[in-house]
Amino acid sequence: MTDRGVKQGDPTSLRLYDQTAQDAAAAVIAAYSTSFGMASRLLGPRPRPHVRNIYALVRVADEVVDGPAAAAGLSPDEARAILDDLEQETYDAIERGFSTNLIVHAFAATARECGIGSELIAPFFVSMREDLSTTQHDAASHDAYVYGSAEVVGLMCLQVFVNAGMGKPVTPAADLVDGARRLGAAFQDVNFLRDRSHDEAALGRDYLAATSSRGEVLDRIDGDLAAAAAVIPLLPTDCRRAVTVAHDLFAELAARLRRSTSETGRIRVPDPVKLAIAARAVVGGTPRGGRG
């Protein structure tokens, strides 16, 4: 992220605006995800603000379809229009380098520096709109939804890992692309299983009913986690610890879901276990396999 030649001490500088946008993105993540916040702190200073910028935009879009907009009295059509506007503002901000929406401004700066384009952004917004109209998924719609809602987010982060601070963006290696997609898919399927009761009761959605049994979903998660674990050591060194923590937190969740006999209580990883997972990554531990 550059200041385009403005003076650092100028209170009206773009540098100050960029930093304020980054701070806003960091505040969104701190408010919504303690686990992600813990993992992101283990990123090096090169990729850390960019990953926060990505997740802040993702979080804001997700909130449009997951309750707050409806609680404010918006209809599905009005929520869809807001998503349309947010997507277009994102493209416009990437093109012009500025947005009055601080979260969009932060994301656009990351997209410009790291080579994140509409091929990744558009599928994400497609999946967000899907939440406004689809209540039960079959295997094909599940896979399309997971690609847009999770796999492309992993691919955006991979663009950051490879390109942040490096000049002209390059295309990541194919094995890293596959690992990023499979890690994103595993994260999403874990969330689907863990939040199934809430999604059905509060949102009227079932992402898994017509796709496969609980055991088959967990087997798929384990396979995706194992594939991702194999390529995490190939990531830049300032990214590996954080991705290992995120991977291992979800591997632990998957293991606890497999052991659980209840489908109503929300499974979580206790704080002492989270800290142990983080400590293991800090000292250089490799990602654990898919099964706990």
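Nothing in this text is a laboratory measurement; each read-out follows from the coordinates by a stated rule. All figures in this text were calculated on a predicted structure; none of them were measured in a lab. Don't worry about glycine lacking a Cβ; one is built from the backbone with ideal geometry, like all the others, and counts go over all protein chains shown.
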The chain: C-alpha pair distances exceeding 33 Å, %:
21 percent
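What FRET efficiency comes out for the pair T134/L275, r = Cβ-Cβ distance, R0 = 30 Å, nearest 0.05?
The formula returns an efficiency of 0.20 here.
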With +1 on each Lys and Arg Cβ and -1 on each Asp and Glu Cβ, how big is the dipole of the range 1-154 about its Cα centre, in debye rounded to the nearest 20?
880 debye
Final fewest-first order of K274, K168 on the 10 Å Cβ neighbour count is K168, K274
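Please compute the contact order of the chain in relative form: average sequence separation of alpha-carbon pairs under 8 Å and at least six residues apart, divided by the residue count, as a percent.
18 percent
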Limiting things to C-alpha atoms, what are the Rg and the maximum Cα-Cα separation (Dmax) for the range 73-140, in angstroms?
13.7, 40
Arranged by the count of other C-beta atoms within 10 angstrom, fewest first, what order do Y147, Y55 take?
Y147, Y55
Net length gained if the chain between N191 and A230 were fully extended (0.36 nm per residue, minus Cα distance)
11.8 nm
Starting from the Cα-Cα distance between Y91 and R268, subtract it from 0.36 nm times their residue separation and give me the gain in nm to one decimal.
60.1 nm
Among A150, A226, A140, which one shows the biggest mean-square fluctuation in a GNM of the chain, springs joining Cα atoms closer than 10 Å?
A140
Dipole of the chain (Lys/Arg Cβ +1, Asp/Glu Cβ -1, origin at the Cα centre): which of L42, A79, A21 lies farthest to the positive side?
L42
Which one, V170, S141, F192, projects farthest toward the positive side of the charge dipole computed for the range 103-194 from Cβ point charges (K/R +1, D/E -1)?
V170
Highest-MSF residue in the chain out of P76, P270, P233 [GNM, Cα springs under 10 Å]:
P270
Estimate the FRET efficiency between V283 and D77 by the formula 1/(1 + (r/R0)^6), using the beta-carbon distance for r and 51 Å for R0, to the nearest 0.05.
0.45
At a 10 Å Cβ-Cβ cut-off, how would you order V243, V64, V283, fewest neighbours first?
V283, V64, V243
To the nearest 20 debye, the range 92-179 has a Cα-centred charge dipole, built from +1 on Lys and Arg Cβ and -1 on Asp and Glu Cβ, of 420 debye
Around V160 (Cβ within 14 Å, Cβ-to-Cβ, excluding V160; K/R +1, D/E -1) the net charge comes to +3
The extension gain from A174 to R214, computed as 0.36 nm times the residue separation minus the Cα-Cα distance, is 11.4 nm
The chain, helix-only ellipticity at 222 nm - DSSP H runs n ≥ 4, -39,500 (n - 2.57), divided by all residues, nearest 500:
-21000 deg cm²/dmol
Within the set A109, A186, A24, GNM on the chain using Cα springs under 10 Å gives the largest fluctuation to A24
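Where nothing but the Cβ of Lys and Arg (+1) and of Asp and Glu (-1) is charged, how large is the charge dipole of the chain around its Cα centre, in debye to the nearest 20? Intermediate results must be reported in sequence, preceding the final value.
Numbers: 31 positive and 38 negative charges, 289 e Å.
With only Lys, Arg, Asp and Glu charged at Cβ, the dipole is about 1380 debye.
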